Amino acid sequence: MSGADDRPADVLRLLARSAAMRGDAVAIAVPGGGEIGYRPLYEQVVQVARGLRRAGDEPQRIAVVLPNGVDMSIALLGAICAGVAVPLNPAYTREEYQEYFRIARVDALLVGDEADHPASEVARSLGLRVDALARLRGAAATGPAPGGLAHAPSPDDLALVMLTSGSTGVAKRVPLTHRNLCSSARDVCRSVDLGAGDRCLSMWEQFHIGGVVDLLLAPLLSGGEIVAAGSFDAARFFTLLEERRPTWYQGVPATMHELQRSAVRSGYRSDGTSLRFLRCVAAALPEPWRLEIEATFGVPVVRTFGMTEASPLIASTRLPPASGSPGAVGFPCGPEVRITDPDGKPLPAGAIGEVGVRGENVFTGYEGQPELNAECFRDGWFLTGDLGLLDESGQLFLTGRAKEIINRGGEKISPGEVEAAFLSHPDVSEAVAFANPHATLGEDVGIALILKPDAEAGRDALERHVAERLAEFKRPRAWLFLERLPLSAVGKVQRRELPRLYLESRSARAERSGVREARNPLEQSLLAIWRSELDDPALGPCDDFADSGGDSLSSLRVVVAVEQALAIELPEEVVARCRSVERMAAELRALGVSDAAGGAIPGIADDAVQGDEFLLTGYENRPDASVLFETHSARQLDGVRHALGSLTTPRELGELLAFRPRLADRVRGLLSSPLGELRLTRERRRLAGDLRAALARA
């Protein structure tokens, strides 16, 4: 690291220091569009800052709207040094600019030139001052030689306001000081040993915190060169890799994976590469992807953990030989990190809890949201909303986002665990788990998949694959096959968009099928059972069980009713595939049931010995539990388990009791007996043993 351990604590001093050390050495180069040295960069930033901060003016909030490149860098740095920069996406609509100008409370707008732009039109309509970078830079040619600024910023002055929505979908204002930004820039330099000999290939959006700190301030602090190549373009990456010979590149998992696939398709060879490392940010990198990327490019992939609120770096793996354990996001890189329980108490090494951080790079709170800040800060620690653990060596492992945890009727499921099960299949290219709204469970597990071009596995094969790796309640019911995932401007997966996409795909499938009534006696019989047990008289033969409000208890009722109606036993693996009446009919045909077969549909009289009543009646007077190991043993065991509340949810149990009102007293009696202690075990063998003991005492 070349001098990056010096401690300029504001952006103006950072630029002045680098200009003094590097002179006319190239700071930022645009392929095919020229370059600018360190000293000219500093002089132009000062000139722009002077134009933005007129004599006697108070610091203003300046929205900066330009495409990526040298101009955006100068405009952004100038706004930071003159007042408070608010970088915004140049692709926003008029309505979005109007909303974000209001939320961020901007006073002025800085654009590239005088040409009309939606942002300029909105700013003028709101009475905001509009400055053009072209005019401010033109003034530099006739104005006095720049020295310092009359109103130089101090370390604790506000430098940047970023708008972030996180998992809530509501924009929050994140205020960051000069000290925050400079501290994180130093941490980035130290984490990967950046120096004057490094050349960064930047294909990152500069309205993002990573574009401000990781790919602008950190390289300028280290004295290296930035190749400003605009937005991500896989084909251009390989051209510039050969022409400009960068030493490092930064991307999100989705873009890293795309580069690896492009390299394989094009026959790329890493011999003689100029790259020293690749740096993956913004989201967790699946371990299989990391191994593939490193094997393809022949350099280590540095994994990081950061967020806008930490300017952004929190933790990072190191370069070899200390590159970190598989799955880790590395060691803290400046800020302190701790893991706490829900009450805010620190947890020991190896325990999973919420990740908290504090340090010079961490902001002091969201603007205008005291209630949110009261939730997010505890004893000076910012609670990130991420779940994770620190191992004995101090490495940080993330296990999920607290707000992304899927709450399936009380069962908490980590999306990462579900995704890992799918990514272990060779035909799966990308997998993203999501919480899908459900009528009785609140949320159920959904999965969005992108398969590899030569994939042979279908849904059935993938279901069998994950069934060996995930407990039944963790397996997704909502499946979404996509050609591409919904991504943000910087390539992060927009998980909250997936339920909407799934709903659209479900509606499209239903419209294509157009089938609302049964086509033969077998389907008629099954459809009547499904409609009765799901309490949905409009349910059609092709409708998905989970989408129609089905859960584990209603599944149990359906299966027992079908077995009674058709005098057949359904194997467990067949039941798992019965996602619709149409599919169940197909599975029954495979078992030898004729389309002409049907049966009397069992009634739902309250004293009928069927379904869940079959599982709950008569046990008080039975001296043994042999019924659990007869024809329907596994299913009966599951039914008792759910009905007693050992693994089910209060919502499911409530629905069961509402469906069979006279069972309420029986179930209360069972739950107040030793059977209630079954909540302490989740293993069938122990459950059966406890049942035997309890029934023997009855």
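Some points to look at:
- On the stretch given as the range 304-339, residues that are open to solvent by 40 Å² or more (accessible area, probe 1.4 Å) and of a type in the set (V, I, T) total 0.
- Residue selected from the range 448-462 under the condition buried (at least 16 other Cβ atoms within 10 Å of the Cβ) and outside any loop (DSSP other than H, G, I, E, B), by the criterion farthest from the chain's Cα centre (by Cα): L462
- Residue in the range 245-257 that is in a helix (DSSP H, G or I) and surrounded by fewer than 20 Cβ atoms within 10 Å (Cβ to Cβ) present: no
- Any pair with Cβ under 9 angstrom, 6 or more apart, that starts in the range 10-21 at a residue that is closer than 18 Å to A82 by Cβ and in contact (Cβ under 8 Å) with a residue 40 or more places away in the chain and ends at one that is of a type in the set (D, E, K, R) and assigned to a helix (DSSP H, G or I): D10/R179
- Condition met for A310 (closer than 30 Å to L181 by Cβ and in contact with a Lys or Arg (Cβ under 9 Å, 6 or more places away or on another chain)): no
- Condition check for F331: touching a Phe, Trp or Tyr at 6+ places or on another chain (Cβ under 9 Å) and over 18 Å from F363 (Cβ atoms): no
- Search result, residues across the range 258-273 that are at negative phi and either surrounded by fewer than 20 Cβ atoms within 10 Å (Cβ to Cβ) or in contact with a strand residue (DSSP E or B) (Cβ under 9 Å, 6 or more places away or on another chain) (or both): E258, L259, R261, S262, V264, R265, S266, Y268, R269, S270, D271, T273
- Note on the range 340-439: enclosed strands (runs of 3 or more DSSP E) holding 2 or more residues that are open to solvent by less than 30 Å² (accessible area, probe 1.4 Å) and touching a residue at least 24 places away in the same chain (Cβ under 8 Å) are 353-358, 381-390, 406-408, 411-413, 428-438.
- Counting the residues of the range 23-42 that are open to solvent by 20 Å² or more (accessible area, probe 1.4 Å), modelled with pLDDT of 95 or more and out of contact with any Leu (no Cβ under 9 Å at 6 or more places or on another chain) gives 5.
- Matching strands (runs of 3 or more DSSP E) fully within the range 273-329 where at least 2 residues are more than 20 Å from R401 (Cα to Cα): 277-280, 301-306
- Helices (runs of 4 or more DSSP H) completely within the range 69-126 that count 3 or more residues being open to solvent by less than 10 Å² (accessible area, probe 1.4 Å) and within 17 Å of V174 (Cβ to Cβ): 70-82
- Number of the condition not met by M584 [criteria: (1) part of a loop (DSSP other than H, G, I, E, B); (2) buried (at least 20 other Cβ atoms within 10 Å of the Cβ)]: (1)
- Only one of the numbered conditions (1) open to solvent by 50 Å² or more (accessible area, probe 1.4 Å); (2) free of Cβ contacts under 8 Å to residues at least 40 places away in the same chain is not met by V493, and that is (2).
- Of the residues making up the range 464-478, just one is touching a strand residue (DSSP E or B) at 6+ places or on another chain (Cβ under 6 Å), open to solvent by less than 20 Å² (accessible area, probe 1.4 Å) and closer than 14 Å to E419 by Cβ, namely P476.
- Residue that is farthest from W479 (Cα to Cα), among those in the range 587-599 that are open to solvent by less than 40 Å² (accessible area, probe 1.4 Å) and modelled with pLDDT of 85 or more: V593
- Flag if P288 is open to solvent by less than 20 Å² (accessible area, probe 1.4 Å) and within 20 Å of K492 (Cα to Cα): no
The values are calculated or read from the model by the stated rules, or taken from the named source; none is laboratory data. Since we're looking at a predicted model, the values are computed, not measured. Positions of Cβ are generated from backbone atoms using ideal geometry, with glycine treated the same way; all protein chains shown enter the neighbour counts. These accessible areas exclude ligands, DNA and RNA; they are computed on the full protein's heavy atoms, side chains included. Shrake-Rupley method; radii C 1.70, N 1.55, O 1.52, S 1.80 Å.
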